[in-house]
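Inspection log for the structure reproduced underneath, given as C-alpha cells.
The values are calculated or read from the model by the stated rules, or taken from the named source; none is laboratory data. Remember, predicted model here, so these are calculated numbers, not experimental data. Reconstructed Cβ throughout: ideal geometry from the backbone, glycine too, with neighbour counts over all protein chains shown.
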C-alpha cells in the first residue's frame, strides 16, 4: 500500500523512498536528516516553551490584578501553546524510535493540536495587533468596542474557527503498521494518500492558507503601518511623548518579526508542498527542494511557542509594571515600615510632651 507524507510533518517511511505513482518519475528522497532534527528541536521547544508559558500563565492568573482586552487574548494564546507543548514528548519519542505506541486517537489528537497551535497563534497575535491599532489610532471611538466582553466573544469565535478546521483534518489520519526486520512498527503523521491530497487536502490547504495565514498577515501589516503613520503626526508625538513612541515602535517590530519569522516560511512552503503532492509541480529537483525545506520550516513554526512570551512582555505594559512591582516590593515594604515607625515614634513623642505640659500647668495652678 502506498503510504505518503503528511500535511503536518513530512515524515516518509523508509520503504516508500522510491515508490511513486504510475505516471510519475521515481525520485529518491534524501531527507533522513529530519528525524534527528525533529527530535532535537522539539525537545528544546518543549523545555523552553513549557517553562516560559507556565510562567506567563502564572503572571496572568495570579500576579495581575488588573486585566484588559490584550491580556484576554494573551491568556488564550498561552492556552493554545501549552496544549501543543504537552504533545511534544510523544512526537520526540516517535521521531527517535520511529514507532508510535500511543494509539490511533493520540496520533489524531497530536496532529489536530499542531494545527490548533499554528493557526490559533496567528489569530490571537492578529487580535493583539488589531486591539493595539484601535487603542492608538482610534482611542476614543474604540472605547465601546474594546471591552472585556467583546474580547471574550472574539476568543470564543477564534477557538470555534480553529477547532472546526483542525479537528476534522487531524482525525482523517490513521496509524499504519509495517513489519520491518521481524518487528512491527506503527507509524503516525504519514498516511495521507495521493487521492486524499487531490480530493480533499488541496482544498483544505487553500482554505487555511487564505483564512488562517494570508488574512492575518495582511491585518498585522496594515495595522502596523497605520499605527506608524499615526505616531508620525506631531500632535500624537506631543501628546504621547518620546518614551511611549519608543515602546510602541519596539512592540511593533518584535510582533511583526515573530509573526513573519515563525509562520511565513512554513505556510509558503506548504503551498509548494501541496502542489508537489497533487502532482501539479513535477520534477525530482523541485520535489527534493520542497521536501528538504519542509522540516526546517516546520521546526521554525513550532518555535513560536518559545517566542510568544516575548510578545507578552513587549506588548503589555501591565505585565512590565507587575514585574517591576514584584522586584520593588521588598524595598517598598521596608520604606513604608520605616515611615510608619517614624510616624508612630513622632506621635508618641507628641503625646509625651502634651502629658508633661499638662502636669506642669497642674502643679503651677495648685501652688
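Worth a mention:
- Of the listed requirements (1) buried (at least 16 other Cβ atoms within 10 Å of the Cβ); (2) out of contact with any helix residue (DSSP H, G or I) (no Cβ under 8 Å at 6 or more places or on another chain); (3) not in a helix (DSSP H, G or I), residue 139 misses just one: (1).
- Residue within segment 61-75 that is within 16 Å of residue 303 (Cβ to Cβ) and surrounded by 18 or more Cβ atoms within 10 Å (Cβ to Cβ) present: no
- Counting only residues that are surrounded by fewer than 17 Cβ atoms within 10 Å (Cβ to Cβ) and either part of a helix (DSSP H, G or I) or in contact with a helix residue (DSSP H, G or I) (Cβ under 8 Å, 6 or more places away or on another chain) (or both), segment 143-158 holds 9 of them.
- Residue match in segment 91-103 (condition: more than 17 Å from residue 185 (Cβ to Cβ) and free of Cβ contacts under 8 Å to residues at least 60 places away in the same chain): no
- Conditions (1) in contact (Cβ under 8 Å) with a residue 24 or more places away in the chain; (2) in contact with a helix residue (DSSP H, G or I) (Cβ under 6 Å, 6 or more places away or on another chain); (3) more than 29 Å from residue 185 (Cα to Cα); number of the one not met by residue 54: (2)
- Condition met for residue 130 (within 30 Å of residue 218 (Cβ to Cβ), modelled with pLDDT of 90 or more and in a helix (DSSP H, G or I)): yes
- Taking the conditions (1) surrounded by fewer than 21 Cβ atoms within 10 Å (Cβ to Cβ); (2) assigned to a helix (DSSP H, G or I) in turn, residue 110 satisfies each one other than (1).
- Residue in segment 86-93 that is modelled with pLDDT of 90 or more, within 30 Å of residue 154 (Cα to Cα) and surrounded by 18 or more Cβ atoms within 10 Å (Cβ to Cβ) present: yes
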